[in-house]
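The values are calculated or read from the model by the stated rules, or taken from the named source; none is laboratory data. Keep in mind that what you see is a predicted model, and the values were worked out from it rather than measured. Quick reminder, even Gly has a Cβ in these numbers, built from the backbone with ideal geometry, and neighbours come from all protein chains shown. Note: accessible area is taken over every heavy atom of the protein model, side chains too, but ligands, DNA and RNA are not part of it. Shrake-Rupley method; radii C 1.70, N 1.55, O 1.52, S 1.80 Å.
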Amino acid sequence: MKAGIVVFPGTNRERDMAIALRVVTGREPVMIWHGETDLPDLDLVVLPGGFSYGDYLRCGAMAAHAPIMAPIRRFAEAGGHILGVCNGFQILTEAGLLPGALLRNAALRFLSQDCHLRVERDDTPFTRRWKAGDVFRAPMAHGDGNYIADDATIRALEDSGRIAFRYARPDGRVDESDAQTNPNGSIRAIAGVLSANLRICGMMPHPEDLVDPLMGGEDGKPLFEGLVEALVR
């Protein structure tokens with residue numbers, strides 16, 4: 001699988017993402033600077049976490065208009081696979097490649113802690129190594145992770161099975177109103193969503209930070225292993 005990681009000014013999780021991709025693919029991902037106007041031949045484009053352009057205006061708002069986003073849009077239109085994590089998720093919503101928006105956390109403070117995610121479906125490239133209902137641990141590190149969308153959009157996401165992950169208790173129970181379970185206050189406890197063709201996934205927590213026992217576990221590794229299975233040529 002040939003993967004590329006987009007780097008914006010203020011990105012700070014590109015090396016973490018590179019480690020995760022290297023662990024599962026055995027090859028070094030390509031780093032792509034935000035000012036580029038073309039993409040190399042890739043199977044997967046990753047928008048990693050950080051604070052692109054210093055989070056000026058809104059998180060991801062400036063990055064959504066960077067030169068690199070034009071070829072990323074073409075990549076998406078051609079059926080390419082894209083993963084956006086944390087700031088990457090924010091960029092995908094600001095660019096209109098995923099629905100909804102990420103607002104300030106409900107407690108109005110930055111959250112840096114582990115959380116648990118429940119897998120909502122297991123037939124996508126991003127979730128195929130889990131079973132629907134499985135729960136895994138992932139670190140979160142964000143100040144603007146409160147997912148929101150209008151009622152019609154939420155209904156459409158629910159009806160079409162486009163919610164990839166929800167914040168949950170370790171036993172899999174979901175409680176949108178529980179600040180311990182859903183600490184950023186996301187509507188319907190949504191932690192990750194999918195595009196209509198299931199080839200773009202955005203999520204707030206960081207699976208790339210748990211891909212090796214030395215990191216404290218391998219809970220996030222199945223996401224990357226599933227991508228390799230789905231996209232390897």
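Report yes if Ala70 is part of a helix (DSSP H, G or I), among the hydrophobic types (A, V, I, L, M, F, W, C), free of Cβ contacts under 8 Å to residues at least 40 places away in the same chain and surrounded by fewer than 18 Cβ atoms within 10 Å (Cβ to Cβ), otherwise no.
The answer is yes for Ala70.
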_Against the condition in contact (Cβ under 8 Å) with a residue 24 or more places away in the chain and either over 23 Å from Lys221 (Cβ atoms) or not aliphatic (A, V, I, L, M) (or both), how does Arg188 come out, does it pass?_
yes
*Which of (1) farther than 15 Å from Arg118 by Cβ; (2) among the small types (Gly, Ala, Ser); (3) open to solvent by 10 Å² or more (accessible area, probe 1.4 Å) does Gly161 not meet, given it meets every other one?*
(1)
_I'm told Arg137 meets every condition in (1) touching a Cys at 6+ places or on another chain (Cβ under 8 Å); (2) open to solvent by less than 30 Å² (accessible area, probe 1.4 Å) except one. Can you identify the failing condition by its number?_
(2)
*Could you grab me the full set of residues in segment 50-67 that are open to solvent by 20 Å² or more (accessible area, probe 1.4 Å), within 25 Å of Met140 (Cα to Cα) and either at pLDDT below 95 or not in a loop (DSSP other than H, G, I, E, B) (or both)?*
Tyr53, Gly54, Asp55, Tyr56, Leu57, Arg58
*asked:* Can you tell me which condition Pro207 does not meet? The list is (1) closer than 12 Å to Cys115 by Cα; (2) in contact with a His (Cβ under 8 Å, 6 or more places away or on another chain), and all the others hold.
replied: (2)
*Could you say whether any residue in segment 16-23 is of a type in the set (Asp, Glu), within 15 Å of Asp209 (Cα to Cα) and either under 19 Å from the mean Cα position of the chain (by Cα) or at pLDDT below 95 (or both)?*
yes
*Do any residues in segment 153-175 that are closer than 11 Å to Ala196 by Cα have Cβ atoms under 6 Å from those of residues that are open to solvent by 30 Å² or more (accessible area, probe 1.4 Å) and not acidic (Asp, Glu), where the two are at least six apart or on different chains, and which pairs are they?*
Gly161/Arg121
_Single match in Leu97, Leu103, Leu42, Leu47 (criterion: open to solvent by less than 10 Å² (accessible area, probe 1.4 Å), under 25 Å from Arg162 (Cα atoms) and of a type outside the set (D, E, K, R))_ = Leu47
*asked:* Of everything in segment 165-200, what is open to solvent by 40 Å² or more (accessible area, probe 1.4 Å) and among the polar types (S, T, N, Q)? Give them in sequence order.
replied: Ser177, Gln180, Asn197
*In this structure, is Leu117 under 17 Å from Tyr167 (Cα atoms) and open to solvent by less than 10 Å² (accessible area, probe 1.4 Å)?*
yes
